[in-house]
């Protein structure tokens, strides 16, 4: 492809993306293809001769679009908001066009320094003090793995430089809410702790970790000659957006010298609103924190913000220094390759920078307030309607509901609510996530797509009632 | 930003990217800014009010470009090829525009199925058998970490479900070439093995792992009641593109039941040429393999191809199954979130697919052959020139050279060659990597940027001689 062809196809795709987004509401939210449908459209092998991309828009419409579940659809209420604003798309375009590797400062100083600047903007936006230093990672899963490895190395006196976890030292133990995201257990297992050394701590009626249960578990483990190592507190659980009480947990961590990691993957963005910050009171006393601007703030995936208080420890754990990576500026700059697991790095700060320039902090705050209001509206309607229940406090934008039919036992209610979710999702006009809370099958409505206004939430509520009534 | 503004700015940026690439040769390859220069251009905080991106091209030219080291420059000879073809840029544009999350099949079936199809194309292109299954990961560093965790779990009988590495079992040991990439040691440390349980194995005169030294180390560790667990063989080391003898290493791994992981990060792409495949003979007997199409094949970073022979083991190690991630299709489809560390996934297969359609397999092969020929030409010129040495076999596209001045001792030669690298890199007309091999300071010339023709290699060689002669 030469420059002229790139210009031609690039313009066509830019126009197509705009049209796609403008007409999103006409499409079914969830893809309706069957397993294997898309793969069957592609040849079994790469073409030997160049085929070219001459009709790239037709190619995308024909072979890709049918297999797309539209996360930017204004009636996308599943999982979590996963926005990708127009400004963010332009940032990704520049990132791909430059094609630089920001692994070391020297390999593109702008990639490092714009990331430093913009992550500091975001730090201020969510109300964190200047004691925190940020770095972009791909996902909260990866960042939490990194945090639990840092905790492991601090507790063990950098055992990785000696016998690692394979010493005779007292086993290290990790604590987390029983409602923590699955990635927390996954991270602890990948870090080598072992499931026998994980402690899911019971939650209260609002699904938040009970600090007295945490304290008791730690004391119990000490009595068993185990070595309590780290607590992962969740700010906004996946199922119900419950907030673990960070201040009380921090008290316990300080008393017992445990690493405190805060997983605020989705909810962190809400902290742009001062009125939300009491939800994570005590966060300043954590050792590490991750939240995903790529969920609710506006820039597209993947852009996870990892903040830590002791970057030198992070670098000791993650850093390498082979001859072929040394540069003249080492020692006076940040080489972000030493701040996480991967070596190579895209220039992801561009899309966050573009997004914040485009909408401003006020724009982010206004959109988050809109989503919170929509969630409160829906929760109010559900609570006021016979046969419907809101089954968890609505702290932010996630509303967990279910429909109850008198005379149905629990298995029948499960099937009934699963059936509602299937009808909604296959109906194409909205997409939500069935889940299970406290053994009860629920319908989880996550509000926060950039284009979701009150109108779409109202339509969802109308359709839920209609489906349930059938 | 509305759709009209997105169209306007998108067109402008597409045009700008084409102009940028067309005029690359006029720019200094390595950025010449000083630490802090770029950061000083950005305000200390995000704007409260929307600023907009109305003059986005001017913004990029002013605040970004001075801080860019141009990896697509035809005179980029540093590190490794990091290509990002026009077709790949378009794929990334569509990926960002769609903004989908391919974590589960249902969350965008096309993301999963096009990835399955295209990674199978790539498998065939590099001559691997159908016994291999591929998945895209971000980097070889991350993939190797995953491989060493899979190895750990197979050797320990899935200890992560019990006491992890914190049992009383015999410590697991990992073996790798003394010339393995720094990410191999990093991965083993992050996986918890501990440095005391890593064995850098000595290399032969061509810098390849000596299998008899590997066998002796394993036998020695067994005698010490340690548990040999995994070998990482490198196909194409970072410094000198040395190839560990995989067949001989596989014999040893089979005899001792060790996991064999092959790190072919840069060199894997060369296997599109049948004539290169003897270099990794025995690769079919490995358990896992990673190589980076994002280096030399054409699609932009990050697109690392991880192939394994037992995906079910991978899923056992990496999988989770919380209620909120279950879908109707589980069991009949691949949910790639269970194939690696992150949960979320971009639609990265698009850019690889677009690239392969655009150039065809013949196009990839022709470009790789061009680069190999350019490397052989340079090595021949260097070897034939008094005062210059080629210090390692040139298996592929990396040429390690140094300039020797009679009468200079080793420290002086080091300074002399470092000075050559500084003059080349600061001169702006080329960019290469100083490194150290066998204690000797070298100049490492990596050829493989998409736009690098013989002309730029000749110019580099002319300039190297001129600088050395000063």
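Nothing in this text is a laboratory measurement; each read-out follows from the coordinates by a stated rule. Bear in mind the structure is a predicted one, so any value in this text is a computation, not a measurement. Because the Cβ atoms are built from the backbone with ideal geometry, glycine has one as well, and the counts that use them run over all protein chains shown.
Return the percentage of antiparallel bridges among DSSP beta bridges fully within the range A:100-346, rounded to the nearest 5 %. Please list the in-between numbers first.
Numbers: 11 of 29 bridges.
Antiparallel: roughly 40 percent of the beta bridges in the range A:100-346.
At 1.306 mPa s and 10 °C, plugging the Kirkwood radius over alpha-carbon pairs of the range A:222-291 into Stokes-Einstein gives what diffusion coefficient in µm²/s?
On the way: Rh = 12.5 Å.
Result for D is 127 µm²/s.
When only Cα pairs under 8 Å and 6 or more residues apart are kept, what is the percent relative contact order across chain A? List each step's numbers first, then the result.
Working: 825 pairs, mean separation 103.8, N = 470.
Answer for chain A is 22 percent.
Evaluate the relative contact order of the range A:100-346 (contact order divided by residue number), counting alpha-carbon pairs under 8 angstrom at least 6 apart; express in whole percent. Don't skip to the answer; put the middle values down first.
On the way: 454 pairs, mean separation 63.7, N = 247.
In percent, rounded to a whole number, it is 26.
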Antiparallel DSSP beta bridges within the protein assembly as shown, percent to nearest 5: 55 percent
With no solvent and one point per C-alpha, what does the Debye sum give as log10 I(q)/I(0) for the range B:100-346 at q = 0.10, 0.11, 0.13 Å⁻¹? -0.46, -0.56, -0.78
For B:21, B:470, A:152, A:222, what's the fewest-to-most ordering of other Cβ within 10 Å of each Cβ? B:470, A:222, B:21, A:152
Can you give me the C-alpha center-to-center distance between the range B:300-378 and the range A:297-326, rounded to a whole angstrom? 23 Å
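What do you get when you divide the Cα radius of gyration of the range A:7-118 by 2.2 N^0.38 Å, with N the number of residues? Intermediate results must be reported in sequence, preceding the final value.
On the way: Rg = 17.8 Å, N = 112, 2.2 N^0.38 = 13.2 Å.
Scaled against compact globular proteins, the figure is 1.34.
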DSSP beta bridges in chain A [antiparallel fraction, %, rounded to 5]: 55 percent
Mind listing the label-point distances from residue B:281 to the same position on all other copies, shortest first, one decimal in nm, points 7 Å along Cα→Cβ? 7.2
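Can you give the relative contact order of the range A:180-251 as a percent, counting alpha carbon pairs under 8 Å and 6+ residues apart? Please list the in-between numbers first.
Details: 62 pairs, mean separation 21.7, N = 72.
It rounds to 30 percent for the range A:180-251.
From the P(r) of the range A:107-175, can you give the percent of Cα pairs sitting at distances over 19 Å? Provide the component values of the computation, followed by the final result.
On the way: 1281 of 2346 pairs.
Across the range A:107-175, Cα pairs with separations above 19 Å total 55 percent.
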A student asked for the Cα radius of gyration and Dmax of the range B:3-68 in angstrom ought to give 14.1, 39
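Can you work out D for the range A:355-469 in µm² s⁻¹ from Stokes-Einstein, where Rh is the Kirkwood radius over C-alpha pairs, the temperature is 4 °C and the viscosity is 1.567 mPa s?
On the way: Rh = 14.9 Å.
After rounding, the answer is 87 µm²/s.
May I ask you to work out the translational diffusion coefficient for the protein assembly as shown at 37 °C, viscosity 0.692 mPa s, via Stokes-Einstein with Rh from the Kirkwood sum over Cα pairs, reported in whole µm²/s? Could the numbers behind the result be given before it?
Numbers: Rh = 28.3 Å.
D = 116 µm²/s.
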In Å³ per residue, the alpha-carbon convex hull of the range A:50-116 encloses 168 Å³
If you build the convex hull over the alpha carbons only and average its shadow over all orientations, what do you get for the range B:57-190? Give it in nm² to one decimal. 13.4 nm²
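May I have the convex hull volume per residue, in Å³, for the Cα set of chain A? All intermediate terms of the calculation are to be shown ahead of the outcome.
Numbers: hull volume 84.6 nm³, N = 470.
Hull volume over Cα atoms, normalised by residue count, gives 180 Å³.
Is there a simple number for the mean count of other chain Cβ atoms within 10 Å of the Cβ of residues in B:178-190, and what is it?
So the per-residue partner count for this stretch is 5.
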I'd like the Kirkwood hydrodynamic radius of the range A:265-398, using the inverse of the mean 1/r over distinct C-alpha pairs, in Å. 18.0 Å
One checks the Cα atoms of the range A:423-470 and finds Rg and Dmax, in Å, of 11.5, 33
